[in-house]
Amino acid sequence: MSLTAQQWLEKIRALPISTPLKIMNICGGHERSITAAGIRGALPPQIELIPGPGCPVCICPEEDIYAAIQLALRDKVILVAFGDMLRVPINVSKTEARSLEQAKALGGDIRPIASPMEALHIAQQNREKPVVFFAAGFETTMAPVAALLAQGIPDNLYILLSGRLTYPAVAMLLETKQAVFHALVAPGHVATIMGAQEWAFIVTQHQLPCAIAGFTPESLLAAFYSTLRQYSSHHYFLDNCYPQLVTPTGNQTAQRYLIETMDIVDANWRGIGIIPHSGFALKDSQHDARLHFPNYANESRLRAGQMPAGCDCASVVLGKIYPNQCRLYGTACAPRHPIGPCMVSDEGACRIWWSGGVRQPATV
């Protein structure tokens, strides 16, 4: 019989843990569930939950968003993108569109979508016009994009791909010691696609407890209990606390589509830099928007790729600070007027904390 959230909390409180311990949860969906359920406040005070690099909107390269804006305004394409991407701000002068939302207001044909199939349908309904699908996301988003490509797409549909893999960012944090945590809770949806064993390196290479969690309070608390028990007993292993969907090897069909349609390349993460083998690139040059439309890279954009002035989103994404420790949180930056990308997406830690009631910056 499965335990309730209250029972998991009782088991956690019974563990012999007296020193401060930090657990990183890298998934934006996890952070949203943690905040909505009040889990952070229910845990013993010595346990810290640190949100990590699990928001694809937050780390999407600024230059890719800039390119999407220019394609919509200059090349008069129909530009489709997942809804959260429309409000992400970039570094341009006040006279230019600083988001896809503003570009839409200036006349760009920009349409929010919720799935790759919507991009296909729009292209089929507008065969006389080029349609560019600005596809940003992690493995769970790239898998359906890959399936779309594998089944064949119309000649007028192009992909501006900005896909990323999750685990290389965590590997980079551990290898460069940019963030300090004692255990990791890995994302259940990514593991559903890629397999649980993708996260075994946390244990085998870095000797840290690791558990895979789903998105209910019960699954998350089971994962926290597992990592804390591992830590207290000094017996570390990869624990699957989401067995309903996660298997050791993952979804073989989805992985096959990814291999058939995409290559793994070094990739830029906004505010962080190049992370080796962390990005997806199209194998199909026929539908690659980067090859069929002008390159709008502009050397005069000196801050390209960086966060806006004063914005600490990169430090939030890397787990170095909490969202409300950003210099702009709750003052200049709020959901109605976001300065950085972490305040835009419902997977961004800043937006999640704000929605959870944290409206003031942390006191120093």
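The values are calculated or read from the model by the stated rules, or taken from the named source; none is laboratory data. Quantities reported herein were computed from a predicted structural model and do not represent experimental measurements. Because the Cβ atoms are built from the backbone with ideal geometry, glycine has one as well, and the counts that use them run over all protein chains shown. SASA here: full protein model, heavy atoms, side chains in, ligands and nucleic acids out. Shrake-Rupley method; radii C 1.70, N 1.55, O 1.52, S 1.80 Å.
Go through the range 313-338 and report how many residues are more than 14 Å from VAL57 (Cβ to Cβ) and assigned to a loop (DSSP other than H, G, I, E, B). Qualifying residue count for the region: 12. Name the single residue, out of those in the range 252-293 being without any contact (Cβ under 8 Å) to a residue 40 or more places away in the chain and not in a helix (DSSP H, G or I), that is least open to solvent (accessible area, probe 1.4 Å). So the residue we want is GLY273. In the range 131-151, the residue that is least open to solvent (accessible area, probe 1.4 Å) out of those that are more than 23 Å from SER345 (Cβ to Cβ) and without any contact (Cβ under 8 Å) to a residue 60 or more places away in the chain is VAL131. Is one or more of the residues making up the range 313-328 at pLDDT 95 or above, on the phi < 0 side of the Ramachandran plot and in contact with a Lys or Arg (Cβ under 6 Å, 6 or more places away or on another chain)? So far as the range 313-328 goes, no, none of its residues is at pLDDT 95 or above, on the phi < 0 side of the Ramachandran plot and in contact with a Lys or Arg (Cβ under 6 Å, 6 or more places away or on another chain).
Within the range 105-123, the set of residues being at negative phi and either exposed (fewer than 15 other Cβ atoms within 10 Å of the Cβ) or without any contact (Cβ under 8 Å) to a residue 24 or more places away in the chain (or both) comprises ALA105, LEU106, ALA114, SER115, MET117, HIS121. Can you give me the number of residues within the range 213-230 that are touching a strand residue (DSSP E or B) at 6+ places or on another chain (Cβ under 6 Å), over 12 Å from HIS30 (Cβ atoms) and either surrounded by fewer than 18 Cβ atoms within 10 Å (Cβ to Cβ) or not polar (S, T, N, Q) (or both)? Number satisfying all stated conditions: 0. Looking across the range 3-31, the residues that are among the β-branched types (Val, Ile, Thr) and either modelled with pLDDT under 95 or buried (at least 17 other Cβ atoms within 10 Å of the Cβ) (or both) come down to ILE12, ILE17, THR19, ILE23, ILE26.
Scanning the range 74-93 for residues that are over 16 Å from ILE159 (Cα atoms) and part of a loop (DSSP other than H, G, I, E, B) gives VAL88, PRO89, ILE90, ASN91, VAL92, SER93. Within the set VAL180, VAL185, VAL170, the sole residue that is open to solvent by less than 10 Å² (accessible area, probe 1.4 Å), out of contact with any Phe, Trp or Tyr (no Cβ under 8 Å at 6 or more places or on another chain) and farther than 20 Å from ALA281 by Cβ turns out to be VAL170. Scanning the range 23-69 for residues that are part of a loop (DSSP other than H, G, I, E, B), farther than 22 Å from SER219 by Cβ and in contact with a strand residue (DSSP E or B) (Cβ under 9 Å, 6 or more places away or on another chain) yields a total of 3.
Does ILE34 satisfy being among the β-branched types (Val, Ile, Thr) and open to solvent by less than 10 Å² (accessible area, probe 1.4 Å)? Spelling it out, ILE34 is indeed among the β-branched types (Val, Ile, Thr) and open to solvent by less than 10 Å² (accessible area, probe 1.4 Å). Remark: pairs (first residue in the range 15-40, in contact (Cβ under 8 Å) with a residue 12 or more places away in the chain and within 19 Å of LEU228 (Cα to Cα); second residue open to solvent by 30 Å² or more (accessible area, probe 1.4 Å) and among the small types (Gly, Ala, Ser); Cβ separation under 7 Å; 6+ apart in sequence or on different chains) = LEU15/SER232; PRO16/SER232; ILE17/SER232. Taking the condition open to solvent by 20 Å² or more (accessible area, probe 1.4 Å) and under 22 Å from HIS292 (Cβ atoms), does GLN102 pass? No: the conditions fail for GLN102.
The residue of the range 188-206 that is least open to solvent (accessible area, probe 1.4 Å), among those that are farther than 20 Å from ILE259 by Cβ and in contact with a Cys (Cβ under 7 Å, 6 or more places away or on another chain), is ILE202.
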